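Read through the structure below, which is laid out as structure tokens, and then see the notes.
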Amino acid sequence: MLGMVIGVFAITTVLSISKGGKELILSEFLTAGTNIVMAFNAQMETRTDKFAYLTEDQVMTMKEIIPQVDDLSPVHFMQIPLKVKGKMKQITVFGVPENFFRVRGIKASSGRMFTKEEVNRYEKVCVVGKELFYDLFGKTKKLGQEIKVEGTYFRVIGVMGHKMEFGPINVNTAIGIPSSCAMRLLGSRDIYAVQFLAKEGVSIPLLKKRIKEHLRQIFGGRDDFDVHSVDELLSMLDKVMGIISMVLGSIAGISILVGGIGIMNIMLVSVRERTREIGIRKACGATKGNILLQFLIESLILCSIGGGMGILASVGLVLIISIMFKTAFFISSLAIILGFGFSCLVGIFFGVYPAYIAAKLNPVEALRYE
Amino acid sequence: MNPDFIKLTEITKVYPMGKTGFPALKGISLSIDRGEFIAIMGPSGSGKSTLMNIIGCLDSPTSGTYLLDGEDIGKNSDKELTRIRNKRIGFIFQSFNLLGRQSAMDNVLLPLLYSCTTLRKNRKRITTEALERVGLSTKLRNKPSEMSGGEQQRVAIARALVNNPEIICADEPTGNLDSQTSHEIMEILRGLNKKGRTIILVTYEADIAGYTQRIIRMKDGGIIKE
């Protein structure tokens with residue numbers, strides 16, 4: 001019975017979460033666009049001191065050399081200490097031209113992103129990731145505050161809408177400033193990352209290959225830059241999800257099997273205890289079919305109760321998860337049908353043998369049974 | 001028409017036991033007319049219960065022929081035997097054999113459920129009538145554990161009657177009852193016989209057998225005296 005509960009619980013939960021999670025991620029990717037490629041310094045993540053970098057000219061010519069590129073945007077980086085919720089934290093500040101937001105697919109959730117004129121005029125304005133904005137200013141959503149970056153005050157003019165983390169910057173917790181200001185603050189024009197937007201209908205792997213080849217040429221055959229796309233993240237996530245589903249699914253399968261055997265034992269004991277009852281029923285005119293059906297239904301009921309409890313537990317867990325992660329995970333009806341159907345199937349499968357034993361009993365012997 | 005309602009010819013029954021098996025019945029030939037009230041007597045192990053089980057279609061003989069109303073029972077399938085048990089035969093047992101978790105009503109209802117011919121709306125009326133006939137109209141909802149032995153046996157009789165069978169097989173129906181109650185039960189059975197039912201009673205008590213019209217004495221699997 002417990003095995004049944006655990007098994008159905010696992011099946012329903014796994015199905016719901018993997019389906020709900022997948023849909024969640026997919027919807028995010030759809031808004032992010034799967035046609036984004038990012039190239040960034042390979043040493044960025046290892047944080048060694050000697051960085052390979054690109055110049056502005058090198059970046060801009062890539063747009064002409066690689067025909068699959070619709071648009072691109074260089075990205076400058078720095079880390080600044082900032083007091084967030086009373087604690088000092090390292091916050092990523094990225095300096096970009098105004099087209100970055102289009103290339104990356106970022107929309108303002110409030111206020112606006114900066115313009116070309118503001119970039120050209122070295123305007124001290126900034127846009128803040130949604131998460132960081134809430135952490136800094138609370139949910140009052142008041143723009144116009146100022147943030148101090150390397151001794152310069154930047155006025156917040158917009159909040160960036162939520163975007164999935166991709167590449168070295170998580171825009172949700174970062175600050176964006178005009179590239180002109182960033183270069184002035186950094187005192188360098190070095191470019192450590194480039195964001196590409198592929199042309200409509202272009203094969204992303206092909207574009208990645210072209211970018212990689214071009215960068216290798218620039219760096220004399222060395223792969224100093226990594227090139228990543230959103231869709232490879234997607235396929236990786238898919239793989240991970242698949243593995244999780246498989247592991248939990250096999251656990252579910254085993255526990256349902258064990259539960260089924262347990263139910264078979266319960267039914268066998270029940271048949272033995274009720275031998276006399278079976279004899280009475282047979283004497284009163286119950287056919288083999290009547291008895292078989294009676295015990296099958298009983299085993300089915302046992303399994304359904306187990307399955308129902310499993311589904312209830314799973315609904316509870318999924319609700320808790322969706323509250324905890326503030327995302328709309330939902331129990332899929334497919335998961336419920338599958339989980340419940342499976343438990344009923346197991347009930348019938350493991351109920352047949354005990355029911356057959358009961359139906360086969362000789363009425364005379366059954367009546368004599370003490 | 002066949003004059004014999006129940007006709008047994010050279011019936012044997014061997015229970016598988018050891019190498020040769022245990023012969024419980026050794027060639028029984030017996031005729032019972034419609035409407036007879038017959039007692040089968042004998043010491044324990046004489047084969048009287050086995051004989052009654054064969055007559056009641058609960059068991060089938062190893063050899064010999066059994067004609068019930070001209071129909072050869074030996075040729076019937078398990079399903080047909082079940083149907084005969086359900087429609088034509090009612091059983092009363094020494095240990096009552098009621099379903100302990102169900103009320104008197106539900107116990108009596110059982111044969112009706114399996115016969116599938118009675119309309120749902122009529123079932124309640126028929127079971128109530130059957131219980132009224134044995135004087136239990138006030139205990140319809142009682143469970144067997146809440147009733148005395150005599151009352152339980154009367155529920156069993158009501159159950160045996162509910163499908164209006166022609167034959168009632170009673171296997172030591174008074175074996176677990178005191179003599180006062182035993183006589184009450186036997187009066188009910190005598191009343192049923194007067195209404196035309198064939199009753200076959202297995203007992204070892206001489207005064208109980210005294211209620212019947214005909215006594216068959218058995219010993220070691222054979223009939224020794226009629």
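The values are calculated or read from the model by the stated rules, or taken from the named source; none is laboratory data. The shown structure was predicted, so the numbers you read here are calculated from the model rather than taken from an experiment. Counting neighbours? That spans all protein chains shown, and the Cβs are built from the backbone with ideal geometry, glycine included. Ligands, DNA and RNA are stripped out before the accessible areas are found, and what is left, the full protein with its side chains, is counted by its heavy atoms. Shrake-Rupley method; radii C 1.70, N 1.55, O 1.52, S 1.80 Å.
Please check the range A:353-370 for residues whose accessible area, probe 1.4 Å, is lower by 30 Å² or more when all protein chains are in place than in their chain alone.
Those residues are A:Pro363, A:Val364, A:Leu367.
Indicate, rounded to the nearest 5 percent, the antiparallel portion of the DSSP beta bridges found entirely in the protein assembly as shown. Don't skip to the end; give the middle numbers.
Working: 54 of 81 bridges.
Close to 65 percent.
So which of A:Lys83/A:Lys148; A:Lys116/A:Lys212; A:Lys288/B:Lys26; A:Lys107/A:Lys139; A:Lys360/B:Lys219; A:Lys89/A:Lys124 end up more than 20 Å apart by C-alpha?
Among A:Lys83/A:Lys148; A:Lys116/A:Lys212; A:Lys288/B:Lys26; A:Lys107/A:Lys139; A:Lys360/B:Lys219; A:Lys89/A:Lys124, the Cα-Cα distance tops 20 Å for A:Lys116/A:Lys212; A:Lys288/B:Lys26; A:Lys360/B:Lys219; A:Lys89/A:Lys124.
Give the relative contact order (percent, whole number) for the range B:6-225; include only Cα pairs under 8 Å separated by 6+ residues. It would help to have the intermediate numbers written out before the result.
On the way: 422 pairs, mean separation 68.8, N = 220.
Relative contact order for the range B:6-225 comes out at 31 percent.
So in the range B:6-225, what percent of DSSP beta bridges are antiparallel if you round to the nearest 5? Could the numbers behind the result be given before it?
Values: 18 of 36 bridges.
Counting only bridges with both partners in the range B:6-225, antiparallel ones make up about 50 percent.
With Kirkwood's inverse mean 1/r over C-alpha pairs for Rh, give me the Rg to Rh ratio of the range B:1-53, two decimals please.
Details: Rg = 13.2 Å, Rh = 12.6 Å.
Taking Rh as the inverse mean 1/r over Cα pairs, Rg/Rh reads 1.05.
Taking the Cβ-Cβ separation of A:Ser250 and A:Glu56 as r and a Förster radius of 60 Å, what is the calculated FRET efficiency to the nearest 0.05?
Details: r = 54 Å, r/R0 = 0.90.
So, using R0 = 60 Å, E works out to roughly 0.65.
Just from the alpha-carbon atoms, what are the Rg and Dmax of chain A in angstroms?
For chain A, the Cα-based Rg and Dmax read 31.5, 103 Å.
Could you rank B:Phe96, A:Phe100 by how accessible they are, 1.4 Å probe, largest area first? Display every interim value, and only then the final one.
On the way: B:Phe96 25, A:Phe100 0 Å².
Sorted by accessible area, descending: B:Phe96, A:Phe100.
Give the residue list of GluC sites (Glu not before Pro) in the range B:1-74 that are DSSP loop and have at most 13 other beta-carbon atoms within 10 angstrom. If you can, show how the numbers build up before the last one.
Working: sites: B:Glu10, B:Glu36, B:Glu71; in loops: B:Glu36.
Within the range B:1-74, no GluC sites (Glu not before Pro) qualify (loop, at most 13 other Cβ atoms within 10 Å).
Taking accessible area as the heavy-atom solvent-accessible surface of the protein chains with a 1.4 Å probe, which residues of the range B:109-131 lose no less than 20 Å² upon going from the isolated chain to the full protein assembly?
Listed by number, the residues meeting the 20 Å² cut-off are B:Leu110, B:Tyr114.
Per residue, how many Å² of accessible area does the range A:209-319 show with a 1.4 Å probe? Can you show the working numbers first?
Numbers: 5480 Å² over 111 residues.
Dividing the accessible area of the range A:209-319 by its residue count gives 49 Å².
On a straight-distance basis, which aspartates and glutamates could pair with A:Lys63 in a cross-link, Cα separation under 12 angstrom, same-chain partners fewer than 8 positions away excluded?
The qualifying aspartates and glutamates are A:Asp71.
Can you give me the relative contact order of chain A as a percent, contacts being Cα pairs under 8 Å and 6 or more apart? Intermediate results must be reported in sequence, preceding the final value.
On the way: 647 pairs, mean separation 109.5, N = 370.
In percent, rounded to a whole number, it is 30.
Any idea of the accessible area per residue across the range B:6-225, 1.4 Å probe, to the nearest Å²?
Values: 9650 Å² over 220 residues.
Using a 1.4 Å probe on heavy atoms only, each residue of the range B:6-225 averages 44 Å².
So which residues in the range B:17-59 end up with at least 30 square angstrom less accessible surface once the other protein chains are there, compared with the chain by itself, probe 1.4 angstrom?
For the range B:17-59, once contacts with the other chains are taken into account, B:Leu58 lose 30 Å² or more.
For a quick check of understanding: with a 1.4 angstrom probe and all protein chains in place, what accessible area in square angstrom does A:Leu237 have, to the nearest ten?
Near enough 60 Å² of accessible area.
Carbon-plus-sulfur fraction of the accessible area of the range B:6-225, 1.4 Å probe, in percent? Present the calculation step by step, with values, prior to reporting the outcome.
On the way: 4740 of 9650 Å².
Here carbon and sulfur together make up 49 percent of the probe-accessible area.
Thinking of the range B:122-214 as a set of Cα atoms, what percent of all their pairs are more than 21 Å apart? Before the final figure, lay out each step's value.
On the way: 1270 of 4278 pairs.
The calculated P(r) of the range B:122-214 puts 30 percent of pairs beyond 21 Å.
Leaving ligands, DNA and RNA out of it, report the carbon-plus-sulfur percent of the accessible area of the range A:53-163 at a 1.4 Å probe.
Numbers: 2720 of 5650 Å².
Carbon and sulfur: 48 percent of the exposed surface of the range A:53-163.
Give the A-B buried accessible area in Å², both sides summed, 1.4 Å probe, nearest 100.
Details: alone 19300 and 11010 Å², together 28680 Å².
Buried surface at the A/B interface: approximately 1600 Å².
May I ask for the equivalent-ellipsoid semi-axes of the range B:177-226, computed as the square root of five times each C-alpha gyration tensor eigenvalue and listed largest first in whole Å?
On the way: eigenvalues 90, 43, 12 Å².
The three semi-axes for the range B:177-226 are 21, 15, 8 Å.
So if I take the alpha carbon set of the range A:200-321, get Rg, then get Rh from the Kirkwood formula, what is the Rg over Rh ratio? Please list the in-between numbers first.
Values: Rg = 29.5 Å, Rh = 20.6 Å.
Using Cα coordinates only, the ratio equals 1.43.
In the range A:118-240, what percentage of the DSSP-assigned beta bridges are antiparallel, given to the nearest 5? Display every interim value, and only then the final one.
Details: 7 of 12 bridges.
Taking every DSSP beta bridge within the range A:118-240, about 60 percent pair in antiparallel fashion.
Using only atoms on other chains, find how many Cβ atoms lie within 10 Å of each Cβ of peptide A:271-283 and report the average. Can you show the working numbers first?
Working: counts 0, 0, 0, 2, 0, 4, 6, 0, 3, 10, 5, 6, 17.
Mean partner shielding for this stretch: 4.
With all protein chains present and a 1.4 Å probe, how do A:Ile80, A:Ile357 order by accessible area, largest first?
Working: A:Ile80 0, A:Ile357 50 Å².
These residues rank, largest area first, as A:Ile357, A:Ile80.
Counting only protein chains, not ligands or nucleic acids, how are A:Leu234, B:Leu161, B:Leu98 ordered by accessible area (probe 1.4 Å), most first?
Working: A:Leu234 50, B:Leu161 5, B:Leu98 25 Å².
The most accessible residue leads, giving A:Leu234, B:Leu98, B:Leu161.
In the range B:159-226, which trypsin sites (Lys or Arg not before Pro) are in a loop and have at most 11 other Cβ atoms within 10 Å, using DSSP for the loop call? Don't skip to the end; give the middle numbers.
On the way: sites: B:Arg159, B:Arg190, B:Lys194, B:Lys195, B:Arg197, B:Arg214, B:Arg217, B:Lys219, B:Lys225; in loops: B:Lys195, B:Arg197.
In loop regions of the range B:159-226 (DSSP not H, G, I, E or B), the sparsely surrounded trypsin sites (Lys or Arg not before Pro) are B:Lys195.
Output the Kirkwood hydrodynamic radius of chain B, Cα pairs only, in Å rounded to one decimal.
Numbers: mean 1/r = 0.0556 Å⁻¹.
Hydrodynamic radius (Kirkwood, Cα pairs) of chain B is 18.0 Å.
With a cap of 14 neighbouring Cβ atoms within 10 Å, and only residues DSSP puts in a loop, list the trypsin sites (Lys or Arg not before Pro) found in the range A:61-96.
Numbers: sites: A:Lys63, A:Lys83, A:Lys85, A:Lys87, A:Lys89; in loops: A:Lys85.
Of the trypsin sites (Lys or Arg not before Pro), the ones in loops of the range A:61-96 whose Cβ has at most 14 other Cβ atoms within 10 Å are A:Lys85.
Based on the Cα atoms of the range A:42-224, what semi-axes does the equivalent ellipsoid have, where each is the square root of 5 times one gyration tensor eigenvalue, given in whole Å with the largest first? Walk me through the numbers on the way to the answer.
Details: eigenvalues 166, 65, 47 Å².
Output for the range A:42-224: semi-axes of 29, 18, 15 Å.
Rounded to whole Å and ordered largest first, report the semi-axes of the equivalent ellipsoid of the range B:33-162 derived from its Cα gyration tensor (root of 5λ).
Working: eigenvalues 159, 72, 31 Å².
Equivalent ellipsoid of the range B:33-162: 28, 19, 12 Å, largest first.
Using per-residue counts of other Cβ atoms within 10 Å, averaged over each peptide, order A:278-284, A:177-183 from highest down. Could the numbers behind the result be given before it?
On the way: A:278-284: 25.9, A:177-183: 23.0.
Most protected by this proxy first, the peptides run A:278-284, A:177-183.
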